[in-house]
Amino acid sequence: MKKIFFIAAIISIFNIQLSSLKAQPLDRYLNRPFAHLGLTAGGGLGSLLYDNSNGKASPGLCIDLGLHYTHFFSSLGVGVGVHLTSVGSSALYNHEELTTGLTHANNTGARYDLTTRYDNWRERQQIITLGVPIEMFYRAHLGNGRHFIGGLGAQFDFPTRGRYRAGGGSYTTTGLFPVGGPHTVDNMPEHGFSTYEETFDAQITDLKFGINIIADLGLRIALGYSGGVYVGLFASYGLTSILDDHEGTAAMLTINPDDASLIDYYGTFATSDMGSLRLLRVGLKIGIDLGSPMDN
């Protein structure tokens, strides 16, 4: 029994020493100038930052897919990439808005004023961007093929698509016609004046290029000599507005001037009181990469 115990102890010590010998060359190998090419996927909270005096805004979902190249010269490195990001947000409205000087399809010779009252009207907003990040990185060796990695830089966003998905509540339209003495028109759905529970799927227009500050914080674990996995946190904050300068409309929606049975939905960002629109993203990111040591 003592012999068995002694042999087991010798084998255990041998395995520990062998693991240590394997780890040391790997760590020395990875601490040389090193380049990574990899894919990342991330998710978390996103928000469209804007002034909303009429509604209550809430954050939504952020999804990020990226391709990156990072080169570490020593403990410092630089990285570039391409990211496809979806950022969502929503707004809840309970207010009235007034649009003046409209032309009605059923009476083109007279101007009228439109009042629209929103009751628990929810607008879901989504913007998809193609981003190009440029980032400086710092890495600290933690042993056993692990590195702490932190990054800070800028990302240039090019919006590719913006959508409104509005509904989930109701809106009521009322018309004020001055001809023949001011008179109010309501409860006439054939003329576009009634209470509706419709839904709209419309485009967000007038989007432009934007600049963001970005940050990353995480851990890379080597998988042998040529690959690794990464787990970390990411954040992005818009420094510039991605909404082009525009005069805007007076309201989020109006009755179509050519067909009173149709509603023209413009959405929050098309209104005249809209100023800047910036993106906020924060979440968790995972990635896998291929790496190779680079000579000085």
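Taking N as the number of residues in segment 31-293, what is its Cα Rg relative to 2.2 N^0.38 Å?
So the Cα radius of gyration is 1.34 times the expected 2.2 N^0.38 Å.
Can you show me the helix-derived [θ] at 222 nm for the chain, built from DSSP H runs with n ≥ 4 at -39,500 (n - 2.57) apiece and divided by the number of residues, rounded to the nearest 500.
About -3500 deg cm²/dmol.
Expressed as a rounded percentage, what relative contact order does segment 189-296 have, with Cα pairs under 8 Å and six or more residues apart? Before the final figure, lay out the partial values.
Numbers: 181 pairs, mean separation 34.9, N = 108.
Across segment 189-296, relative contact order equals 32 percent.
Using the number of other C-beta atoms within 10 angstrom as an exposure proxy, rank GLU198, GLU123 with the fewest first.
In increasing order of surrounding Cβ atoms, one gets GLU198, GLU123.
What list of ³J(HN,Hα) couplings, whole Hz, do you get for segment 253-264 from phi and the Karplus terms 6.51, -1.76, 1.60, once you set θ to phi - 60° and write x for glycine and proline?
Per-residue couplings from phi come out as 8, 9, 7, 4, x, 9, 8, 5, 7, 10, 10, 8 Hz.
What is the magnitude of the charge dipole of the chain about its Cα centre, with +1 placed on the Cβ of each Lys and Arg, -1 on the Cβ of each Asp and Glu, and no other charges, expressed in debye to the nearest 20?
Dipole about the Cα centre, nearest 20: 2520 debye.
Amide H to amide H under 5 Å from LYS208: which residues, 5+ apart in sequence or cross-chain, H placed 1.01 Å off N in plane?
Here LEU243, ASP244 satisfy the definition.
Kindly put TYR230, TYR196, TYR265 in sequence by how many other C-beta atoms sit within 10 Å of each C-beta, fewest to most.
TYR196, TYR265, TYR230
Could you go through segment 112-124 in sequence order and give the Karplus-derived ³J(HN,Hα) for each residue, using 6.51 cos²θ - 1.76 cosθ + 1.60 with θ = phi - 60°, rounded to whole Hz, and x for Gly and Pro?
For segment 112-124, the Karplus-derived couplings read 8, 10, 10, 10, 10, 10, 9, 10, 6, 7, 10, 10, 9 Hz, x marking Gly and Pro.
Percent relative contact order of the chain, based on C-alpha pairs within less than 8 angstrom and at least six residues apart?
21
Taking only C-alpha pairs under 8 Å that are 6+ residues apart, what is the relative contact order of segment 75-139 in percent?
In percent, rounded to a whole number, it is 53.
Can you put THR268, THR160 in order, fewest other beta carbons within 10 Å first? Show your work: numbers first, answer last.
Details: THR268 23, THR160 12.
Ascending Cβ contact count within 10 Å gives the list THR160, THR268.
Compare the Cα positions of GLY175, MET188, PHE156 along the charge dipole of segment 155-203 (+1 at Cβ of Lys, Arg; -1 at Cβ of Asp, Glu; about the Cα centre) and return the one farthest towards the positive end.
Most positive-ward Cα: PHE156.
For segment 162-209, take the alpha-carbon Rg, divide it by the Kirkwood Rh, and send me Rg/Rh.
Here the Rg-to-Rh quotient is 1.19.
Amide H to amide H, which residues 5 or more places from ALA260 or on other chains are under 5 Å from it, using H placed in the peptide plane?
For ALA260, the qualifying residues are ALA105.
Rule-based calculations on the coordinates, nothing more; no lab input. All figures in this text were calculated on a predicted structure; none of them were measured in a lab. Please note: Cβ atoms are built from the backbone with ideal geometry, for glycine as well, and neighbour counts cover all protein chains shown.
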